[in-house]
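As structure tokens, the structure follows; a few thoughts come after it.
The values are calculated or read from the model by the stated rules, or taken from the named source; none is laboratory data. Everything numeric in this text was worked out from a predicted model, so none of it was measured. Cβ placement follows ideal geometry from the backbone for every residue including glycine, while neighbour counts extend to all protein chains displayed. All accessible areas refer to the heavy atoms of the entire protein, side chains included, with ligands and DNA or RNA removed. Shrake-Rupley method; radii C 1.70, N 1.55, O 1.52, S 1.80 Å.
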Amino acid sequence: VRFMIGGVQKGGTTALAHYLSAHPKLRLPVCKEAHVFDAPDYDDSASVEAVDARFAPLFDGGFHADAQAVHGDATPISIFLPRVVSRIARYNPAMRWIVLLRDPVERAISQYYMEFARGDERLPLPCALLAERWRLRGHDDDLSPDSPLRHHSYLARGRYTRQLEHLFAAFPAEQLLLLRSDDLRHRTEATLTRVHRHLGLEPRPSSESHEPV
């Protein structure tokens, strides 16, 4: 895997993955989010080959079906967890990152309603925000499926400075592309051109208008 759409959750990663999948040289997991590096059973001593073997079944036609393709992942929790950033750095120090940043208040509210719709949140929004500090306490390294880090980190995920500090400490700045979610929505073509060039590809000529996903 050569690139990561590493976040942020509810920041437009699904739309970006949809647009990038249309490029003939780009491949993303069929399920969009591979969740390889944040898997509870991930082996921190795993070789590159072992990690690739976990990715392989997630790509249509197999991981090595097209040697010329650029394979990536779009798991938005990746930037949020320092442990995951470190794992990715060990796996591929040359990884190219794309990070979409959304207004943290809008992002938190969007995540809340997603969790509420899924049945993973029962508290009213104000109570959920007040309870977050206590819910997350003691779960800094908890990657279990039911971890509060995954479901109740409304405010924490919007503290971008800390997350970006970990990312910039692990990877050279030229491998990181930071974008605003609003730019993807309102200046789609220009934003996609920046992404394609960041990945070393020529932009794909647009034959249709990009509607928000």
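The table below gives the values:
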{"quantity": "Extreme residue, nearest to residue 177 (Cα to Cα), among residues of the stretch 28-52 that are of a type in the set (A, V, I, L, M) and part of a loop (DSSP other than H, G, I, E, B)", "calculated": "28"}
{"quantity": "Some residue of the stretch 2-22 being of a type in the set (S, T, N, Q) and over 28 Å from residue 187 (Cβ atoms)", "calculated": "no"}
{"quantity": "Residue in the stretch 161-183 that is among the charged types (D, E, K, R), in contact with a Pro (Cβ under 8 Å, 6 or more places away or on another chain), crowded, with 16+ Cβ neighbours inside 10 Å and at pLDDT 95 or above present", "calculated": "no"}
{"quantity": "Residue in the stretch 126-143 that is farthest from residue 26 (Cα to Cα), counting only those that are more than 16 Å from the chain's Cα centre (by Cα) and open to solvent by less than 40 Å² (accessible area, probe 1.4 Å)", "calculated": "131"}
{"quantity": "Residue selected from the stretch 1-27 under the condition assigned to a loop (DSSP other than H, G, I, E, B) and over 12 Å from the mean Cα position of the chain (by Cα), by the criterion surrounded by the fewest Cβ atoms within 10 Å (Cβ to Cβ)", "calculated": "24"}
